[in-house]
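Values quoted throughout were computed directly from the atomic coordinates according to the rules given, and no laboratory measurement underlies them. Predicted, not measured: the structure shown is a model, and the values here were computed from it. Because the Cβ atoms are built from the backbone with ideal geometry, glycine has one as well, and the counts that use them run over all protein chains shown.
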Amino acid sequence: MATVLVNNDNSMIVTIPERIMQHSKNIHTITIFVPQMYEGYDMNEFAAYIEIVPPNQKYRSIHLDANEVSRKEGFLQFDFEVTSDLTLFPGNISMEMTFVKTDEDTYKTYIRHTTSCSLLVTPIEKWSELIIDDALTDLDQRIALIEQGIKVASNLADKINSTKADNIKLDKETSELYLTANDNPIGDKITINELGDTLAEQTEDGLVPIIL
């Protein structure tokens, strides 16, 4: 479990690092401790957000709720799991905190930012590529096979992530529907007219072909 501390000078530092491996999912937890009082303000009255830039540079902002009980007296404790989208690629996970509060009477908004800190996502190593087959013992060969399996699984995970359909979009200029993966078009496009004709042919409810 990695531990991060937010100080009253708004610095954010990693006090207990953790080795986070590439493609890890929901196995690592990052705990953040924040002094409850800051400049006379109770930080428990603020909405807390962790802003994250993972190695793939896709920014995320996550709302965090403080734990009901903190392990450190006088501090708020926030926990969040490291999900697979943060460990897809090796490199640094950069993060910082933002706290926001709006006064219900005056509608005045208070915002507090911290500096950033980072945790390293360690790549899955490929030792098997560096060893000559003739030099391997039986145990070495079994380890190499396991390592090769990890490599195949890693490559497969990358391929699935880049080709798995996650949305459907409409091209308004051409009236075509198409699937996307990570916002990139995949598969064949189909026109609205073709879709309407197919639905009309395969139903008995008298659907009329759509013409746009």
Cβ-defined net charge surrounding residue 88, 11 Å radius [Lys, Arg +1; Asp, Glu -1]: 0
Pairwise FRET efficiency - residue 110 versus residue 16, Cβ, R0 = 22 Å, nearest 0.05: 0.15
Fully extended contour minus Cα-Cα distance, from residue 49 to residue 172, at 0.36 nm per residue: 40.7 nm
Selection of trypsin sites (Lys or Arg not before Pro), segment 15-60, meeting DSSP coil and at most 14 other Cβ within 10 Å: 19, 25, 58
Net charge contributed by nearby residues that have their C-beta within less than 11 Å of residue 185 (K/R +1, D/E -1): -2
Non-local Lys pairs in segment 2-122, i.e. 8 or more apart or on different chains, that have alpha carbons under 30 Å apart: 4
